[in-house]
Ligand code: HEM
Ligand SMILES: *[C@@H]1O[C@H](CO)[C@@H](O)[C@H](O)[C@H]1NC(C)=O
């Protein structure tokens, strides 16, 4: 079966600090509504290498991620001053020195470190790093933070870190973290409810299993968060992060070259200990790459078009995983925003039929949310937006993207969640 972007999009619901001692507030959330069970329209049967297709090779030497003593990648808990945030993949990479242990990263370090640790493709790492830097980092020193704020070279940049990007980068309906509005503005509060839901879905996790979790958390947020909002870019990031779990955390072997993901390995990457619902403990900042773990082959590196196709496939299985819009101030009041209206006609559902156009939408949606701060230190490119456009230029030409669309953000005025910024803390 082939999943086209066109048919996936036709099922679109109208388009749509460093490390503070935040109390884990899950207990306060007991009186919430659970969405009813829902079956997928079909099962995709995708391998754990997702849309890049099955892996045809296994090479133990290339794929072992050596975190043993003497490797230089030993696990070490973050020390005082080290920044960690809401992303388990980045926290684990920093805890093992694949990216700097202090949590401040350059683009080159992102590409190298995430390639080495997870076989993330250079194009995907570049995009994620440039967006992090432009939204919440320092384009002059070319650094960004995997958690809360840091001191930029010149004080005009909002160097808030990715924890300070609610509805720009970070979004509601995350796989395990709670919605900012329901957690005192923090974006990284572990939700035992979500974790236990995920845990009980399977003993071995696949793309189809994670799609079910993505559907569950989306419907849960709509039912319970009056400020639920899904922006054009962050509304794709949270669903894509679900697929990162399968694509980047699975273990690989000669018998199973496309990978398999056990509960033990999942717990290690998420910093969870304990063996059963009611007994789990989340250990903040302790995300860990397991010993004897083999990443996906680099020949199957996970890239930008793969990310889009996997999210689209999940949305075909469970229409509504992708949506642009939000609740209008009360729970369960979701209203959507039309993609064609939003982009002044540059993108429409039919247009997005091929993978490159989907990638272009992602690139342009990421740029649409950027601050347009000017500074002479940025040289000829002049502004943060100019800098990011230049950095992403090679990707934009690779995918033959149309002229930059301006997004009509006025369409978001009726959603109170759209302007809610959160506290900037993980
Ligand atoms: C430069 C690379 C990366 C950046 C900038 C990044 C950024 C983010 C951001 C902004 C979020 C919040 C999204 C949301 O609201 O749900 C997030 C969540 C997440 N990321 Fe990453 N990420 C990166 C790489 C990775 C990698 C390599 C993995 C897997 C190994 C990963 C796995 C996840 C997961 C599972 C979540 C959801 C966490 C939860 O809800 O508990 N990410 N990431
Ligand atoms: C990964 O798979 C190999 C082969 O089955 C196994 O020997 C190894 O222990 C697994 N690693 C983890 C962390 O489960």
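Read-outs throughout are calculated quantities, based only on the coordinates presented, and are distinct from any laboratory measurement. None of these values were measured; they are calculated from a predicted model. A quick note on method: Cβ atoms are made from the backbone with ideal geometry, for glycine too, and the neighbour counts reach across all protein chains shown.
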Determine the gain in length on full extension of the stretch residue 203-residue 356; use 0.36 nm per residue of separation and subtract their C-alpha separation, reporting nm with one decimal.
-> 51.6 nm
Gain upon complete extension [residue 332, residue 102; 0.36 nm per residue less C-alpha separation] | 78.8 nm
Can you figure out the FRET efficiency of residue 69 with residue 400, using R₀ = 35 Å and their beta-carbon distance, to the nearest 0.05?
-> 0.15
Ranked by Cβ crowding within 10 angstrom, fewest neighbours first, how are 389, 49 ordered?
-> 389, 49
What ratio of Cα Rg to 2.2 N^0.38 Å holds for the range 231-307?
-> 1.25
Residues 383, 234 in order from fewest to most other beta-carbon atoms within 10 Å are 383, 234
Label points 7 Å out from Cα along the Cβ direction at residue 43 and residue 421: separation in nm?
-> 4.7 nm
Does the range 40-177 classify as rounded, prolate or oblate by the C-alpha gyration tensor (a ≥ b ≥ c root eigenvalues; a/c under 1.5 gives rounded; else a/b over b/c gives prolate, otherwise oblate)?
-> oblate
For a footprinting-style exposure proxy, rank 76, 288 by other Cβ within 10 Å, fewest first.
-> 76, 288
Using just the C-alpha positions of the range 294-426 as equal point scatterers, what log10 of I(q)/I(0) does the Debye formula give at each q in 0.11, 0.15 1/Å?
-> -0.53, -0.96
Spin-label pair residue 390/residue 253, simplified geometry with 7 Å Cα→Cβ offset, distance in nm = 5.0 nm
Full-extension gain in nm, residue 76 to residue 414, via 0.36 nm per residue minus C-alpha separation | 117.1 nm
Name the shape class, rounded, prolate or oblate, that the alpha-carbon gyration tensor gives for the chain, where a ≥ b ≥ c are the square roots of its eigenvalues, rounded holds for a/c under 1.5, and otherwise prolate holds if a/b is larger than b/c and oblate otherwise.
-> rounded
Would you work out if the range 164-290 is rounded, prolate or oblate? Take a ≥ b ≥ c from the square roots of the eigenvalues of the alpha-carbon gyration tensor; rounded if a/c is under 1.5, else prolate when a/b is larger than b/c, oblate otherwise.
-> prolate
May I ask for the percentage of alpha-carbon pairs in the range 204-351 that lie more than 18 Å from each other?
-> 65 percent
Can you work out the PRE-style zone for residue 31? Point 7 Å along Cα to Cβ, and I want the residues of the range 179-208 with backbone N under 17 Å.
-> 182-183
So how far apart, in nm, are the two label points at residue 374 and residue 56 if each is 7 Å from Cα heading toward Cβ?
-> 5.3 nm
Scattering profile of the range 109-174 from the Debye formula, Cα beads only, expressed as log10 I(q)/I(0) at q = 0.12 Å⁻¹, is -0.31
